[in-house]
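Below is one structure, written out as structure tokens, with a few remarks after it.
The values are calculated or read from the model by the stated rules, or taken from the named source; none is laboratory data. Since the model is a prediction, treat every value here as computed from it, not as a measurement. Cβ coordinates were reconstructed from backbone atoms using ideal geometry, including for glycine residues, and neighbour counts include every protein chain displayed. For accessibility, only protein heavy atoms count, side chains too; no ligands or nucleic acids. Shrake-Rupley method; radii C 1.70, N 1.55, O 1.52, S 1.80 Å.
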Amino acid sequence: MKDPSFLQGLKTVKQQRKKLLADIIQEQTGIKIDSNSIFAVAGCSKGKSVSSDGKQMVTMWVHVSDDSEEGKVYKKRVDAFNKKYESKNVRAKIEFIPRSGNGGGYEDKVNAALTTDTLPDVITLDGPNTAAYAKSGIIAPLDEYVKDQDDLLPSIKQQGTYKDKLYAIGASESSVGIYYNKKMLQDAGVDLNTLPTVDNPWTWDQFMALCETLKEKYNKPAIDMQLQAKDEMLTYALTPFVWSAGGEILSKDGTKAEGVFNKKPTVEAMSFIQTMLKEGYTTRTPVKQAFETEKYPMKFSGVWTVTDMETNFQKVDYGVMPYPVSPKTKKLVSPSGSWQFAMTQKSENKEWSAKLADWMTNKDSNLELSRTIAALPVRYSSEKVLTKEFSDQMNVFMKQLKESGHARPVTPAYPQVTRAFQQTIDDISFYDQNKNIKKVLNTRATEMQAAIDKANR
């Protein structure tokens, strides 16, 4: 008979896990559920799934539709996996569960599966959710099964690691840069040969001087920084300004926001963003597709816009320049991270489940996806191949990512942290009411800290 104190401790741990899962579900869906209705993820075994031909079934859910370009690549790679291991007693099955515009659909089904202990063997998840999924026991470490981690870009390992264990691997990488209309800059008297490069980036002051020239020429905002966004784009695109200034969103161990987020470097980064608004270089209410339709000369956007430009705006002659940097540090920092593959804790066949997650992110899969949707590679081996194939614009993104990519904070409280950061940007955008940036940061740092303390209890 086990020690009663041990059993009580085990019960407490299970209750804490249920509470954390309930919090995650409420955070992602807005639905409040009773934590007692949630089964422990690593609960009773239901036995291994078997295919119609008697092989062990490894199931996988992905967040895209089967008729999307990304979905077609995933289907093709699963078929290749099954062909590769046809002689083995295993078969992979993929299920497509597209996300809706507000992030529902896929997340809704994952959250519902948590309540009934019906998760598949492999899932996709957005990079910043790694810590929350790992801490709550939804996903399992991959280190024992993935042996070629040295081939992964540092930003990918940083994104998928929680407490020194690799839990997820990105299917592709991403980045953000400054798109510029070559003709509009030239007409404003700008010599394109003097524009910044990854090796020689401009400071914030130099970039604002360019914005002043373009504003005077066209009597319009020089750049759409997408400050009207109310979603993850704000955090993804704007945190590099804090890092460039020498600041952090959270402490390295992810436990502190107070005394970290509200320090002087963050004030400097937010002051730069606020100045861009004050001077009319950017706007909170941009014209829709102003860059694409050649109304604004520049746009702050992700690598995904390359596909949009090549598909829908082929007449626009454009280039891409890297992030401007803090004039104090001169340090180039750019964002990284996207969706990942991970193995669930409930999988009854972890060796093959991990092999499938690794397969979906290996060199061949990475090359196939990057060539199809203009995504950035996650491996050095695929990067060497794609650099020779990419356009000049894509290579700017690739070089910037490789040399300066920085993952978003790793914390179980990420949903609350990113919301507080987004609210910070909204606050400082109203610069007449929020001239004291330090006061704004103090308030938001306190919110972050409360969420972190709750998540780590």
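The table for this structure:
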{"item": "Crossing angle, helix 204-218 versus the chain [Cα axis fit, 0-90 degrees, rounded to tens]", "result": "60 degrees"}
{"item": "Relative contact order for the chain, counting Cα pairs under 8 Å that sit 6 or more residues apart, in percent", "result": "24 percent"}
{"item": "Segments 194-200, 377-383, 272-278 sorted - mean Cβ within 10 Å per residue, highest first", "result": "377-383, 272-278, 194-200"}
{"item": "Prolate/oblate/rounded call for region 377-457, Cα gyration tensor, a/c under 1.5 rounded", "result": "oblate"}
{"item": "Gyration tensor verdict on the chain (Cα atoms; rounded if a/c is under 1.5, prolate if a/b is larger than b/c, oblate otherwise)", "result": "oblate"}
{"item": "Shape of region 318-436, Cα gyration tensor, a/c cut at 1.5", "result": "oblate"}
{"item": "Restraint check, Lys55/Lys135; Lys230/Lys439; Lys183/Lys438, Cα-Cα greater than 28 Å", "result": "Lys55/Lys135; Lys183/Lys438"}
{"item": "17 Å reach of a label modelled at Asp231, 7 Å along Cα-to-Cβ, counting backbone N of region 294-331", "result": "300-308"}
{"item": "Gained length - Lys315 relative to Lys330, 0.36 nm times residue gap less alpha-carbon distance", "result": "1.9 nm"}
{"item": "Helix-only CD estimate at 222 nm, as mean residue ellipticity for the chain, using -39500 (n - 2.57) per DSSP H run (n ≥ 4)", "result": "-13500 deg cm²/dmol"}
{"item": "Helix axis angle, 363-373 relative to the chain longest principal axis, alpha carbon, degrees", "result": "50 degrees"}
{"item": "Degrees between helix 350-359 axis and first principal axis of the chain (Cα, 0 to 90, nearest 10)", "result": "30 degrees"}
{"item": "Cross-link partners of Lys388 among lysines (Cα-Cα below 21 Å; sequence separation of 8 or more within a chain)", "result": "Lys363, Lys399, Lys402"}
{"item": "Accessible area per residue in Å² at 1.4 Å probe, computed on the chain", "result": "45 Å²"}
{"item": "Carbon/sulfur fraction of accessible area - the chain, other protein chains in place, 1.4 Å, %", "result": "48 percent"}
{"item": "Theoretical FRET efficiency, 1/(1+(r/R0)^6), r = Cβ-Cβ of Lys93 and Lys217, R0 51 Å, to 0.05", "result": "0.35"}
{"item": "Protection proxy ranking, peptides 79-88, 248-257, 146-155, average beta carbon neighbours within 10 Å, highest first", "result": "248-257, 146-155, 79-88"}
